[in-house]
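Engineer: Below you will find the structure I want to go over with you.
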Amino acid sequence: MRKYYDTRAPEYDDWYLGRGLFGERERPNWEQELAALGRALASLPFAHTLDVACGTGFLTRHLPGEVVGLDQSERMLEIARERVPTAAFIEGDAFGLPFADGAFERVFTANFYGHLDQGERATFLAEAARVAPELVVCDAALRRDREREEMQERILEDGSSWQVYKRFFVAEELAAELGGGEVIFSGDWFVVVRS
Ligand SMILES: C[S@@+](CC[C@H](N)C(=O)[O-])C[C@H]1O[C@@H](n2cnc3c(N)ncnc32)[C@H](O)[C@@H]1O
């Protein structure tokens, strides 16, 4: 996943913005839902937040309060720094967060948890709980055309092909998996759970 996302960094926002390889995709309600997702994130209570696997900062910019973004890809972070000058961004590993116990009030993570296998999930959840009492997970909603989990072949602009593990979630099931929590967003494309 690391090499894939580092390679994808310059074209990552095309997925959100419907450009490039995503220009022809049929995604009913996508733009409206992204706007609603941004509003849902912005309406969270203010908190000192660590955004783990923040990518290009596309969602980071909506998070209220003092925000630190962390990602393993310097190329992703370069874009995030330009996009969200009010946040701090550091390169680091989600499975060994470079912060003291309780350093934050909230960990936020988007479109990352659903790429993790069982062992990685346990490690990430333990790290998140170590650095903050609250976890907010945003990920892909289960749709009719998807299995709950699949290996996807993804092609980048340079023609390279990558195998990526991906899960899709029902919001209430994700809340239960995280040990309980509140569903703060449940749409056609995204779910967000606060636990
Ligand atoms: C699908 S992108 C999500 C980016 C952003 N959160 C969003 O929702 O737009 C997944 C991100 O996870 C990052 N990533 C993958 N493995 C990581 C790790 N072990 N530690 C930190 N970041 C990681 C990738 O570099 C990539 O930016």
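Just so it is clear, none of the values below were taken in a lab; they were calculated from the coordinates. Source: prediction; values computed, not measured. As a convention, Cβ positions derive from the backbone with ideal geometry for all residues, glycine included, and neighbour counts pool all protein chains shown.
Engineer: If GLY119 passes every condition in (1) in a loop (DSSP other than H, G, I, E, B); (2) away from the ligand (no atom under 12 Å from the Cβ); (3) out of contact with any Lys or Arg (no Cβ under 6 Å at 6 or more places or on another chain) but one, which one does it miss?
Structural biologist: Tallying (1) in a loop (DSSP other than H, G, I, E, B); (2) away from the ligand (no atom under 12 Å from the Cβ); (3) out of contact with any Lys or Arg (no Cβ under 6 Å at 6 or more places or on another chain), GLY119 fails exactly one: (1).
Engineer: Given the criteria in contact with a helix residue (DSSP H, G or I) (Cβ under 9 Å, 6 or more places away or on another chain) and small (Gly, Ala, Ser), does ALA171 qualify?
Structural biologist: no
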